[in-house]
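Data block below; observations after.
The values are calculated or read from the model by the stated rules, or taken from the named source; none is laboratory data. Since the structure is predicted, the reported quantities are computational estimates derived from the model, not experimental observations. Here Cβ is always computed from backbone atoms with ideal geometry, including for glycine, and neighbour counts include all displayed protein chains.
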Amino acid sequence: MFRSLCCATLGFGLMLVSASTEARELELSVENRMGVDSNVFRSSRDRETDGFYAITPRVSVREGHSILNYDFSYEPTYEAFFSTSGVDGFDHRARGMLSWRPTSVDTIGVNGSFTSRRSLRLEDQGGSSPETSDRERVKNSDAQLSYSRALTDALSLQASAAFTDRDFSRNSSVDSRSYSGQLGPQYVLNPLTVVGLSASYRFREDSGVGLQPRTETSIWNIGASFRRVLTPTLSISAQGGPSFIRSRQESPFAVSRSTSFFAAVIVDKSWQRSDFNGSYTRSEQSGGGDASSSIVDNVTVNFKHRLDRRSSFRVSGSWIQSKEISEAPGGSKRKTTQYRVITTATRRITRQLSVIGQLLYSNQDENRGATRSNSIGDVYVGFLSLRYTFDPIRF
């Protein structure tokens with residue numbers, strides 16, 4: 001299904017591109033990293049520190065105007081460690097976005113991404129639950145189709161459908177697949193305020209492995225949203241409502257029901273040379289490679305400051321807590337807490353060449369009931385990289 005959707009999306013995008021007379025842009029870049037990882041396998045025991053080298057070429061093609069906007073990119077990464085054997089290899093990351101306005105009141109959007117990785121890279125974490133990584137390959141695919149129609153100058157209707165798939169290379173890990181849909185109106189109260197309502201449904205199936213049975217989970221969400229521009233440089237948006245969760249497992253058969261709430265709050269603030277973004281999200285998610293279902297709370301802050309025309313630095317921090325609401329038979333409920341801080345400094349040497357330095361600190365603890373287990377503790381990863389971006393090719 002995902003492959004068919006991607007092929008249809010690509011064909012549809014190419015058809016639109018051929019019909020457009022606007023200029024398109026092809027961009028190529030390559031980045032070389034050299035750094036140190038204090039815990040290569042993210043293990044709670046026998047921690048292994050090693051240096052690494054990574055090279056990442058990147059290709060992207062984009063176009064943007066009032067009717068058609070798209071941006072497709074692909075970047076493979078080859079990572080090699082200096083002394084640790086058996087873990088060198090490629091990671092892959094691809095993304096695509098297309099937005100089309102066939103009429104003045106209709107907007108159609110398609111988004112998709114694919115990652116195949118042996119470790120959890122910084123740019124792939126997003127708002128996911130805390131996760132350990134022992135270099136097992138994990139493939140993540142997702143696609144989303146959205147539609148918006150303006151019914152009046154103030155009222156619009158939003159609809160979307162999404163598909164996600166997660167596949168682990170190890171037979172002992174649980175693969176999962178989910179389908180979801182959302183529908184709701186939005187109303188512009190005034191030029192500074194937008195409100196809305198939404199109803200969504202998500203169905204997820206987790207494959208059975210060993211003692212972990214096949215599980216099906218249904219999530220219904222009913223929510224309200226609010227966005228307000230407080231000043232020309234400050235805005236806030238919020239969404240939330242009740243969440244009803246039902247899990248059904250096979251062999252042995254069991255059904256569990258729970259009620260929670262989902263939420264998303266975002267604050268954006270800008271200054272002349274700085275930008276700040278803070279967010280809080282709460283949602284139901286699957287476990288990291290097992291058949292459990294968890295409630296995940298995520299607080300993230302990002303601050304970026306431009307020192308001058310060539311230099312900038314960014315500080316990002318996150319707190320993620322995952323609490324199981326259902327677990328595999330014979331186990332106890334798991335609680336995982338992770339803290340992450342990432343500091344990045346960028347200096348543009350020439351128009352095409354930049355040097356980047358980054359330091360990551362993370363700490364992850366995991367508890368099952370009253371027992372502390374699989375707590376990774378402190379992890380440090382730092383690297384220095386050179387990125388060369390070729391002049392864009394316009395066609």
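Data overview
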read-out	value
Residue under evaluation F276, criteria (1) touching a strand residue (DSSP E or B) at 6+ places or on another chain (Cβ under 7 Å); (2) loosely packed, with under 15 Cβ neighbours inside 10 Å; (3) of a type in the set (F, W, Y), criterion not met	(2)
Selection status of S322, of a type in the set (S, T, Y), more than 24 Å from H305 (Cβ to Cβ) and either assigned to a loop (DSSP other than H, G, I, E, B) or modelled with pLDDT of 95 or more (or both)	no
Residues that are farther than 30 Å from T215 by Cα and either in contact with a helix residue (DSSP H, G or I) (Cβ under 9 Å, 6 or more places away or on another chain) or surrounded by fewer than 14 Cβ atoms within 10 Å (Cβ to Cβ) (or both), drawn from region 232-255	P232, T233, L234
Residue count, region 255-273 (criterion: part of a strand (DSSP E or B), touching a residue at least 24 places away in the same chain (Cβ under 8 Å) and either under 19 Å from K333 (Cα atoms) or out of contact with any Lys or Arg (no Cβ under 7 Å at 6 or more places or on another chain) (or both))	10
Residue within region 347-357 that is surrounded by 15 or more Cβ atoms within 10 Å (Cβ to Cβ), at pLDDT 95 or above and of a type in the set (A, V, I, L, M, F, W, C) present	yes
Filter pass, E123 being surrounded by 15 or more Cβ atoms within 10 Å (Cβ to Cβ), at pLDDT below 95 and out of contact with any strand residue (DSSP E or B) (no Cβ under 6 Å at 6 or more places or on another chain)	no
Answer from E27, E22, E31, E48 - the residue that is of a type outside the set (V, I, T), at pLDDT below 95 and in contact with a strand residue (DSSP E or B) (Cβ under 8 Å, 6 or more places away or on another chain)	E22
Some residue of region 168-176 being of a type in the set (G, A, S), in contact with an Asp or Glu (Cβ under 9 Å, 6 or more places away or on another chain), modelled with pLDDT under 95 and not in a strand (DSSP E or B)	yes
Looking only at region 95-110, and only at residues there that are aliphatic (A, V, I, L, M) and crowded, with 17+ Cβ neighbours inside 10 Å, the one that is farthest from Y147 (Cα to Cα)	M97
Checking G86 against (1) surrounded by fewer than 16 Cβ atoms within 10 Å (Cβ to Cβ); (2) part of a strand (DSSP E or B), the condition it does not meet	(2)
Residue check for V229: in a strand (DSSP E or B), in contact (Cβ under 8 Å) with a residue 12 or more places away in the chain and surrounded by fewer than 16 Cβ atoms within 10 Å (Cβ to Cβ)	no
Tally of residues being modelled with pLDDT under 95 and assigned to a strand (DSSP E or B) across region 129-164	3
Selection count where residues are more than 14 Å from R95 (Cβ to Cβ) and in a strand (DSSP E or B), scope region 25-55	18
Residues of region 155-186 satisfying the condition of being surrounded by 14 or more Cβ atoms within 10 Å (Cβ to Cβ), more than 30 Å from V105 (Cα to Cα) and not hydrophobic (A, V, I, L, M, F, W, C)	D165, R166, D167, S173, D175, S176, R177, S178
